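Trainee: One structure is given below, represented as structure tokens, and several questions about it will come after.
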Amino acid sequence: MKRLKQFSAAAVLAMGAVMAPLASASIIDFEDVSGFVYPGYTFLPNGYHGFNWDGGQGSESWVASPATNMWFPGAEAHSGSVFAWSNGGTELSMSGATFTLNNFWARSGWGSDQLMTVTGYLGGNQVATASFTLEQSYQQIMLNFSGIDSVRITSSSNTLIDDISVTAVPEPETYAMLLAGLGVVGLLRRKRRA
């Protein structure tokens, strides 16, 4: 009986450890970007943090720069020393498996009163949208777009972005595996009692 209790406790802890990362947000802060091969910048590769990074300039839409770059002199990252910005200044998109876009920090690259619109999609259908006016200092863009598989950010000028908070939404198969595991633990416990 003591072994069964230990096994049950270990199973519950293991399942909790598996599910905890699925529910926690991760921050994409661009600090792990390397290879600044152009003068002070590089393009984000597809697959970076599990997303496809695209937009109006195709695979050259998302640019990562250290704070001391030639394009936005004096522009700092919101945190750390690297930020991302929109090449061409009109449209950015990121897509991948289903996720929640919690928030991010953004500022205008040039001037004030820049209109930015963020739109979330699921299966090509628009499910959420919000608009913001950006200034030349970072502001937190609160969204909580839940259950989307892509997001599009449009603006009238270059947008500087940092610290994107996303939460992965587990696939239905993950929940099925969890329930199957709980069922096996329950059967073992019941069989042990008999």
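The values are calculated or read from the model by the stated rules, or taken from the named source; none is laboratory data. This is a predicted model, so every value here is computed, not measured. Please note: Cβ atoms are built from the backbone with ideal geometry, for glycine as well, and neighbour counts cover all protein chains shown.
Quick grid of which residues meet (1) surrounded by 17 or more Cβ atoms within 10 Å (Cβ to Cβ); (2) at pLDDT below 85; (3) aliphatic (A, V, I, L, M):
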position	(1), (2), (3)
Ala23	no, yes, yes
Phe30	yes, no, no
Gly47	no, no, no
Phe51	yes, no, no
Gln57	yes, no, no
Glu60	no, no, no
Ala77	yes, no, yes
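Trainee: Quickly run through region 92-127 and pick out the residues that are of a type in the set (Gly, Ala, Ser) and touching a strand residue (DSSP E or B) at 6+ places or on another chain (Cβ under 9 Å).
Mentor: Answer for region 92-127, where residues must be of a type in the set (Gly, Ala, Ser) and touching a strand residue (DSSP E or B) at 6+ places or on another chain (Cβ under 9 Å): Ser93, Ser95, Gly96, Ala97, Ala106, Ser108, Gly109, Ser112, Gly120, Gly123, Gly124.
Trainee: Please work out if Tyr138 is over 18 Å from Asn52 (Cβ atoms), of a type outside the set (A, V, I, L, M) and either surrounded by 15 or more Cβ atoms within 10 Å (Cβ to Cβ) or at pLDDT 95 or above (or both).
Mentor: Yes; evaluated as a whole, the condition is true for this residue.
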